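Shown next, in structure tokens, is the structure this report addresses.
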Amino acid sequence: MRAEMVDISRFIPIPYVVFLTDEEGKILDLICSSGSLQENMDCAGLRQGVNLSKRYSGLNAVSLAMEMNRIGVVRGKEHTDAVFQSWNCVCAPLILDGGTQGYVDISFDAGQHIEFAIPFVQQLAENVAYKRMVNNAGLQQFRREKALDKYKLTGREKEVASLWLSDKSALHISNTLGISEGSVRNVVKSIYIKMNVSDRSQFAKKLV
């Protein structure tokens, strides 16, 4: 998330704090736009491990997003915890493979308009969720297998497709699977027909 914030922080002209939590509302990371804000968060006891769910912290944007499973917006005095009552907060769930993996919240002075933060935090949540998916090899493999199932590939075709997607050559695949190079190319042709693609690039795009 820090890399994402570095890229987009130049578009935020006001002081802010961004929280990243797990699916239970526990803070995994927080990013402040200034050292003084970081000191304020430290003094308020807002750090990694603090739970922002309704059970522990009352009404806030994270607990509201958890309850509704969509973007939550809480303004100033609407917050239960006095720490947040001078802030407007917007939180979006991190959705990955249809499930909620955590939450991203941006908090800023209650005197500022809240509208700008809604598309911002939604985009940030999507970016963080995508990076989590990309960095999770097991999840990537699961998604690929799920995508391959859609095209009704045979067991052999799935084996070849997995290696072909990893940019392996026909010769490498033939040695790995113990079949001829010509057989590999025939299987690849069959895969392309079933997936309605004509080259490796198109094939890979359908499985991302």
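None of the figures in this text is laboratory data; all of them are computed from the coordinates on show. Bear in mind that the values here come from a model prediction, so they are computed numbers and not experimental data. Cβ atoms come from the backbone with ideal geometry, glycine included; neighbour counts cover every protein chain shown.
Neighbour counting of Cβ atoms within 10 Å sorts the residues 74, 197, fewest neighbours leading, into 197, 74.
Over all other residues within a Cβ to Cβ distance under 9 Å of residue 93, the charged ones net out to 0, with Lys and Arg as +1 and Asp and Glu as -1.
Modelled spin-label separation between residue 118 and residue 36, with each label point placed 7 Å from Cα along the Cα-to-Cβ direction: 3.1 nm.
Classification of the stretch 2-135 by its C-alpha gyration tensor yields a rounded form. The axis ratio a/c (a ≥ b ≥ c) stays under 1.5. Within the straight-line cut-off of under 30 Å between alpha carbons, the lysines reachable from residue 54 are 26, 77, 131, sequence neighbours fewer than 8 places apart in one chain being disregarded. Taking other Cβ atoms within 10 Å as a rough exposure proxy, 105, 149 sort from fewest to most as 149, 105. The fewest-to-most ranking of 41, 68 by surrounding Cβ atoms within 10 Å reads 68, 41. Straight-line cross-link reach from residue 189 at under 28 Å between alpha-carbon atoms covers these lysines, not counting any fewer than eight positions away in the same chain: 146, 150, 152, 158, 168, 205, 206.
Ignoring GluC sites (Glu not before Pro) that are buried or in helix or strand per DSSP, and keeping those with at most 14 other beta carbon atoms within 10 Å, what is the longest stretch of the chain between them? Walk me through the intermediate numbers first.
Values: sites that count: 23, 24, 115.
The reported range is 116-208.
Taking 8 Å as the Cα distance limit and 6 or more residues as the minimum spacing, I'd like the relative contact order of the chain as a percentage.
With pairs under 8 Å counted, the relative contact order is 14 percent.
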